[in-house]
Amino acid sequence: MSMTGVRFIEEPARSIPVSAEYDVLVVGGGPSGLTAALAAAEDGLRVGLIESRSFVGGNMTIGLPVLGFLGQKGNQIIDGLPQKFIERLRRERDGASEHRPCPLHMGITLVEPEAVKTVALEMLIEAGVDVLFYTFFAGALVENDIIRGVVTESKTGRTAILAKVVIDCSGDADVAYSAGVPTEKGNADGGMQPPTLMFCLAGVDTDALRMSIANAPPEARTYLTDFIPAEYFGQNRQFIVVGMRELIAKAKAERGLEIPNERTIIITGLKKGEVWINMTRVKGTDGTNARSLTKGEIEGRAQIDDIVTYLVNYVPGFEKAYFTKTAPFLGIRETRRILGQYVMTQEDVLACKHFDDAIAVASYPIDIHRPSDDGCTLIWCGDCYDIPYRSLVPQKIGNLLVAGRSISATHEAMGAIRVMATCMAMGEAAGRAAKISVRGNRSPADIDIEELRRQQLDHGVYLRNPDGSRAGPPNRAAA
Ligand SMILES: Cc1cc2nc3c(=O)[nH]c(=O)nc-3n(C[C@H](O)[C@H](O)[C@H](O)COP(=O)(O)OP(=O)(O)OC[C@H]3O[C@@H](n4cnc5c(N)ncnc54)[C@H](O)[C@@H]3O)c2cc1C
């Protein structure tokens with residue numbers, strides 16, 4: 001028995017087989033892992049990607065729109081691999097919308113989850129990435145502050161995978177944490193944004209929904225604008241509704257329904273009559289703890305019936321709607337963040353900060369589903385802010401990079417950089433940095449950042465000049 005009352009037993013040391021060896025290993029195949037692997041493999045390095053589930057895409061497969069492609073001034077500020085991915089989804093599978101302006105979210109890009117899984121996997125395979133599903137990262141192999149590889153658990157058993165550089169795209173900083181990199185969780189009180197089990201309804205008359213909002217006389221508006229003017233809905237067939245607070249209050253009062261959210265959040269799907277609902281909310285869940293995750297799944301699922309009853313009985317256009325499915329897993333908004341060579345802060349975001357080592361530009365506002373109540377905090381900065389390379393480089397471990405929602409940022413800054421277009425942009429930068437590191441035989445912390453930025457521009461990544469204009473590829477800028 002330990003001091004904490006937890007019983008421990010000794011696990012005998014054992015030899016485990018080395019199942020693979022790569023130049024670059026990416027852990028996690030979500031938005032950031034996808035682009036990290038594609039960029040790392042772009043000139044022929046041996047790249048592996050392990051994913052605990054049976055598909056790639058991460059949170060891009062749970063019915064969410066991709067946010068972040070358009071900036072607060074309306075222009076596109078994420079390009080490169082994320083843009084290529086969206087274009088291919090649209091071209092080959094009708095699996096993505098264009099980047100649609102949205103007054104609240106700046107830009108929304110609707111994607112079809114099944115198309116995401118298929119196209120992302122095709123791109124990885126074509127790029128020569130060795131994808132390994134059903135494989136859980138179980139521990140980092142560290143010697144003298146160098147990560148030699150990882151231990152994995154799967155049906156195969158326990159094996160080791162070795163790599164020169166590892167990129168942690170687990171969303172939870174699983175690799176960094178296991179390797180001894182200092183990490184933080186949540187706000188000053190340890191509170192983390194609550195997770196949501198997304199679910200899907202069909203049979204929704206989305207035109208009736210949007211026109212009810214657009215045409216309601218001002219005094220009868222059920223849609224307390226929540227920053228999106230009602231007129232917007234008259235012009236847009238694909239949209240996100242965030243609001244209808246008074247309808248929720250009415251449903252609670254009249255029927256005693258339990259709705260864990262102040263706002264009705266409806267996302268139109270790409271298929272006619274289909275919508276995804278982002279309204280369950282399980283406060284107090286810790287996405288790095290299996291027991292807590294299980295509780296989250298149980299409570300999230302239990303919340304669905306009342307939310308469906310509310311939608312069908314109170315929200316226009318839902319009269320004939322019916323439940324079809326939940327997302328494949330509880331969506332986790334926030335867990336660990338690494339402490340890196342630089343910690344991005346709320347001040348950086350709100351000051352639209354430029355960084356000399358910028359590897360991506362972002363513009364999504366600070367958007368925090370508050371850990372302690374049913375509301376949300378939103379803060380805009382009016383323009384774009386840079387993501388510095390140093391926030392992808394963890395303290396302590398020389399040959400590890402982190403991309404996605406667990407980079408080095410405060411709780412508040414993480415609320416802004418967490419959206420999926422930004423995660424894909426960070427992944428692309430991390431993959432390219434890993435490639436430069438392996439090619440040049442230098443630790444990622446010591447690579448020439450100007451070389452990384454040059455390569456980013458050469459590959460069509462959006463970066464800014466000091467005056468805020470788009471930076472051109474170096475060869476073009478010189479001409
Ligand atoms: C409910 C909800 C609503 C959101 N709404 C939006 C929205 O509308 N638009 C938007 O752009 N963003 C939204 N976000 C944010 C966004 O989805 C995430 O921040 C983003 O997907 C993070 O990307 P990532 O690559 O860091 O991690 P993830 O998308 O979480 O991907 C991580 C991947 O790593 C795998 N993995 C994790 N641990 C291991 C392990 N130990 N071993 C092997 N594999 C592992 C996972 O299976 C997963 O595939 C939302 C998030 C949630 C939860």
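Using mean Cβ contacts within 10 Å as the protection proxy, how do 205-216, 288-299, 70-81 order, highest first?
Per-residue mean Cβ counts within 10 Å order the peptides as 70-81, 205-216, 288-299.
Among T156, I379, I50, whose Cα projects farthest towards the positive end of the dipole of the chain, with charges put on the beta-carbon of Lys, Arg (+1) and Asp, Glu (-1)?
Most positive-ward Cα: T156.
For the residue pair R454 and Y134, what label-to-label distance in nm results when each label sits 7 Å from Cα along the Cα-to-beta-carbon direction?
4.6
Enumerate the amide H contacts of M344 below 5 Å, restricted to partners 5 or more residues apart or on another chain; note that Pro and chain-start residues carry no placed amide H.
Excluding prolines and chain starts, which carry no amide H, the hits are A409, T410.
So if I take the alpha carbon set of segment 68-188, get Rg, then get Rh from the Kirkwood formula, what is the Rg over Rh ratio?
Rounded to two decimals, Rg/Rh equals 1.06.
Quote the relative contact order of the chain in percent (integer), defining contacts as alpha-carbon pairs under 8 Å separated by 6+ residues.
The normalised contact order for the chain reaches 21 percent.
Helix 420-440 versus the longest principal axis of the chain: what angle, 0 to 90°, nearest 10, using Cα atoms?
Compared with the principal axis, the helix lies near 10 degrees.
From the convex hull of the Cα coordinates of segment 341-391, what is the mean projected area in square nanometres?
In nm², the orientation-averaged hull projection of segment 341-391 is 3.9.
What per residue convex hull volume, in Å³, do the alpha-carbon atoms of segment 111-176 yield?
Cα-based convex hull of segment 111-176, divided per residue, equals 112 Å³.
Spin-label point model (7 Å from Cα, Cβ direction): what's the N289 to V6 distance in nm?
Calculated label separation equals 1.0 nm.
Amide H of Y22: which non-local residues (sequence gap of 5 or more, or other chain) have their own amide H closer than 5 Å, using H built in the peptide plane?
Amide H to amide H, under 5 Å and 5 or more residues apart or across chains, Y22 pairs with L162, A163, K164.
Against the 2.2 N^0.38 Å scaling, with N counting residues, where does segment 238-302 land? I'd like the Cα-based Rg ratio to two decimal places.
Scaled against compact globular proteins, the figure is 1.33.
Would you mind ranking R464, R370 by Cβ crowding within 10 Å, fewest neighbours first?
Ascending number of Cβ neighbours within 10 Å: R370, R464.
Can you run the Rg to Rh ratio on the chain? Use alpha carbon positions and the Kirkwood inverse-distance Rh.
Ratio value, two decimals: 0.97.
For segment 404-479, taking Cα atoms only, what is the radius of gyration to one decimal and the Dmax to the nearest whole Å?
Every Cα atom of segment 404-479 included, Rg and Dmax give 13.9, 42 Å.
From the phi angles alone, apply the Karplus equation (6.51, -1.76, 1.60; θ = phi - 60°) to segment 349-365 and give each ³J(HN,Hα) in whole Hz, x where the residue is Gly or Pro.
Per-residue couplings from phi come out as 5, 6, 8, 6, 4, 9, 10, 4, 9, 4, 10, 7, 10, 9, 8, 5, x Hz.
Between their Cα atoms, which of K185/K353; K84/K320; K283/K325; K73/K272; K252/K272 are more than 32 Å away from each other?
With Cα atoms farther than 32 Å apart: K84/K320.
HN-Hα J couplings of segment 4-16 from phi, Karplus 6.51/-1.76/1.60, θ = phi - 60°, integer Hz, Gly and Pro as x?
Result, rounded to whole Hz: 7, x, 8, 7, 10, 10, 7, 9, x, 5, 8, 8, 10.
Below 9 angstrom from the Cβ of T288, what's the summed charge of the other residues (Lys, Arg +1; Asp, Glu -1)?
Local net charge: -1.
What distance in nm separates the simple spin-label points at A202 and V18, each placed 7 Å from Cα in the Cβ direction?
Label at A202, label at V18, 5.0 nm between them.
Report the convex hull volume per residue for segment 1-100, counting only C-alpha atoms, in Å³.
Spelled out: Cα convex hull of segment 1-100, divided by residues, is 213 Å³.
Using Cβ counts within 10 Å as a stand-in for footprinting exposure, how do C352, C102 rank, fewest first?
C352, C102
Note down the magnitude of the dipole of the chain about its Cα centre, charges +1 on Lys and Arg C-beta and -1 on Asp and Glu C-beta and zero elsewhere, to the nearest 20 debye.
Here the chain has a charge dipole of around 460 debye.
Each residue of segment 153-166 in turn: what ³J(HN,Hα) in whole Hz from Karplus with 6.51, -1.76, 1.60 and θ = phi - 60°, glycine and Pro shown as x?
Working through the residues one at a time gives 10, 6, 3, 5, x, 9, 9, 10, 10, 9, 7, 6, 9, 10 Hz.
What order, most packed first, do the peptides 356-368, 86-98 have when packing is the mean number of other Cβ atoms within 10 Å of each residue?
Going by the mean number of other Cβ atoms within 10 Å, highest first, we get 356-368, 86-98.
Could you pull the Cα extents of segment 199-326 along its three principal axes, largest to smallest, in whole Å?
47, 32, 26
Whose amide H sits under 5 Å from the amide H of Q395, counting only residues 5 or more places off or on another chain, with H placed in the peptide plane?
The list, which skips near neighbours in sequence, is L339, G340, Q341.
Computed from the coordinates by the stated procedures, all read-outs in this text should not be read as laboratory data. Source: prediction; values computed, not measured. Counting neighbours? That spans all protein chains shown, and the Cβs are built from the backbone with ideal geometry, glycine included.
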